[in-house]
């Protein structure tokens, strides 16, 4: 039977405490949006288009592909993922053609890990040796970020490229707030839409791993109120791991740059990652980056020790 639009759309009983993200609703909406993007012809099923009242596959069709009963899948899509097995999740992931990041997200939502400490109780610290490494990376913009897209540490080249984060209160050193609430970041990123989508996808991954993080819930709530673009991207339930690629910038001092970025997850803290940017040798972007390094050395003041301590202990 074909469900009507709006039914089973994640309005299952909340089960979430105040200040937390509703994991059951997240699971429901994630499965529904992944199912909606598949067409019958994508998976070898006949398409009786004029009788289809919702986009994508029906629940019964998805259940058939996954090898589970329609009733079982319906309960799962309504957020009742308790005691679901890894094998069943794998079958559903294959039927939905999920990426590796989406598979991990589905597992986090359906079989959440129990954290000994609440996320806000675990201070995000950057090791001293890692800070020293950042300082030695001359000519390479680099920074360390953590949960909720918080910016935890950076070098002088990152400050020259992105702006002096040391001048901001600790709470404002956050990629989501910068990208969605600061007009100068819209001008800095040539492909702002792509950067915005990346940020929201990463926050979605965090929401799956840390649904009990009140600061993440508050951040999502704040941005949903202040930015319609964030609200629409959040509703899409897209997830993506941080990786590598290129970003184009329009810098107010040196003009246009195209830089490649690499992401390195830290082995002793999976929630933290180091991101570096570099230009192709001999390219106009390499020359612009060299000029930026020269300008940054002259124009950027030394970061006050109090600000460094604040960034080091940022939560």
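The values are calculated or read from the model by the stated rules, or taken from the named source; none is laboratory data. It should be emphasised that the depicted structure is a prediction, and the values quoted were computed from it without experimental measurement. Quick reminder, even Gly has a Cβ in these numbers, built from the backbone with ideal geometry, and neighbours come from all protein chains shown.
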Under 8 Å between Cβ atoms, which residue pairs at least 6 apart in sequence (or on different chains) link something in region 33-62 that is more than 28 Å from residue 201 (Cα to Cα) with a partner that is at pLDDT 80 or above and outside any helix (DSSP H, G or I)?
45/57; 47/39; 52/58
Lone unmet requirement of (1) crowded, with 16+ Cβ neighbours inside 10 Å; (2) within 25 Å of the chain's Cα centre (by Cα); (3) outside any loop (DSSP other than H, G, I, E, B); (4) at pLDDT 90 or above for residue 90
(1)
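Okay, residues lined up against (1) surrounded by fewer than 18 Cβ atoms within 10 Å (Cβ to Cβ); (2) under 17 Å from residue 149 (Cβ atoms):
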position: 239; (1), (2): no, yes
position: 255; (1), (2): yes, no
position: 259; (1), (2): no, no
position: 265; (1), (2): yes, yes
position: 281; (1), (2): yes, no
position: 287; (1), (2): yes, no
position: 290; (1), (2): yes, no
position: 294; (1), (2): yes, no
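Only one of 62, 57 is at pLDDT 65 or above, surrounded by 20 or more Cβ atoms within 10 Å (Cβ to Cβ), outside the structural domain of residue 201 (by TED's automatic domain parsing) and assigned to a helix (DSSP H, G or I). Can you tell me which?
After ruling out the rest, the residue left standing is 62.
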Among the numbered criteria (1) at pLDDT below 90; (2) touching a strand residue (DSSP E or B) at 6+ places or on another chain (Cβ under 8 Å), which one does residue 120 miss?
(2)
Against the definition (in the same structural domain as residue 177 (by TED's automatic domain parsing), within 26 Å of residue 158 (Cα to Cα) and not in a helix (DSSP H, G or I)), how does residue 287 come out, yes or no?
no
Of the listed residues (152, 178, 216, 233), the one being in a strand (DSSP E or B) and either under 18 Å from the mean Cα position of the chain (by Cα) or surrounded by 22 or more Cβ atoms within 10 Å (Cβ to Cβ) (or both) is 152
